[in-house]
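Novice: First, the structure itself, so that you have it in front of you.
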Amino acid sequence: MHCNRDILDNISTSIIALDSSLNVRALNSSGEDLLEFSEERSLGQQVSKLLLDSAELLAALQQVLDTGSPLARRGAPLTI
């Protein structure tokens, strides 16, 4: 498992893993840089509390939960 963590922390893509309640479960180093929060501070937090103007993203995440389809966004605008 440690090897997987090393890989996630050394890629430039931000990865934010959420549970079914949209709480942060994991955040890689690039995600920490993007959100300006450490993984330690973010764990268990609702993703909506880490972003401003998150209605569009929350709607997309709810669709993921409803349909089981994955979500990947490039260049998604985030207000932090």
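Novice: Can you name the condition, by its number, that PRO77 falls short on among (1) modelled with pLDDT of 90 or more; (2) outside any helix (DSSP H, G or I); (3) more than 13 Å from the chain's Cα centre (by Cα)?
Specialist: Of (1) modelled with pLDDT of 90 or more; (2) outside any helix (DSSP H, G or I); (3) more than 13 Å from the chain's Cα centre (by Cα), only one is false for PRO77: (1).
Novice: I would also like to ask the following. Could you go through region 58-69 and let me know if any residue there is free of Cβ contacts under 8 Å to residues at least 24 places away in the same chain, surrounded by 11 or more Cβ atoms within 10 Å (Cβ to Cβ), part of a helix (DSSP H, G or I) and of a type in the set (Asp, Glu).
Specialist: no
Novice: Then there is this: Tell me the residue from ARG41, ARG5 that is at pLDDT below 90, charged (D, E, K, R) and out of contact with any strand residue (DSSP E or B) (no Cβ under 7 Å at 6 or more places or on another chain), please.
Specialist: One residue alone meets the criteria, ARG5.
Novice: Here is a check on your reading of the model: is SER20 small (Gly, Ala, Ser), in contact with a Leu (Cβ under 8 Å, 6 or more places away or on another chain), open to solvent by 80 Å² or more (accessible area, probe 1.4 Å) and without any contact (Cβ under 8 Å) to a residue 60 or more places away in the chain?
Specialist: Numbers: small (Gly, Ala, Ser): yes; in contact with a Leu (Cβ under 8 Å, 6 or more places away or on another chain): yes; open to solvent by 80 Å² or more (accessible area, probe 1.4 Å): yes; without any contact (Cβ under 8 Å) to a residue 60 or more places away in the chain: yes.
The answer is yes for SER20.
Novice: If you check ARG5 against the conditions, is it under 13 Å from the mean Cα position of the chain (by Cα) and open to solvent by 60 Å² or more (accessible area, probe 1.4 Å)?
Specialist: So ARG5 fails the test.
Novice: Which of the residues spanning region 1-38 are closer than 20 Å to ALA59 by Cα, in contact with a helix residue (DSSP H, G or I) (Cβ under 7 Å, 6 or more places away or on another chain) and assigned to a strand (DSSP E or B)?
Specialist: ILE16, LEU18, VAL24, listed by residue number.
Novice: Given (1) outside any loop (DSSP other than H, G, I, E, B); (2) farther than 17 Å from SER14 by Cα, identify the lone condition not met by ARG41.
Specialist: Answer for ARG41: the failing condition is (2).
Novice: Follow-up question, since we're still on this one. Please find, among SER69, SER54, the residue that is out of contact with any Asp or Glu (no Cβ under 8 Å at 6 or more places or on another chain), at pLDDT below 85 and polar (S, T, N, Q).
Specialist: It is SER54.
Novice: Scan region 45-57 residue by residue and report those that are open to solvent by 80 Å² or more (accessible area, probe 1.4 Å) and without any contact (Cβ under 8 Å) to a residue 24 or more places away in the chain.
Specialist: So the first thing to find is which residues in region 45-57 are open to solvent by 80 Å² or more (accessible area, probe 1.4 Å), and the list is 49, 52-53, 56.
If the condition is that a residue be open to solvent by 80 Å² or more (accessible area, probe 1.4 Å) and without any contact (Cβ under 8 Å) to a residue 24 or more places away in the chain, then LYS49, GLU56 are the ones that fit.
The values are calculated or read from the model by the stated rules, or taken from the named source; none is laboratory data. Worth saying up front: this structure is predicted, and the values here are computed from it rather than measured. Positions of Cβ are generated from backbone atoms using ideal geometry, with glycine treated the same way; all protein chains shown enter the neighbour counts. Ligands, DNA and RNA are excluded from the accessible area calculation, which covers all protein heavy atoms including side chains. Shrake-Rupley method; radii C 1.70, N 1.55, O 1.52, S 1.80 Å.
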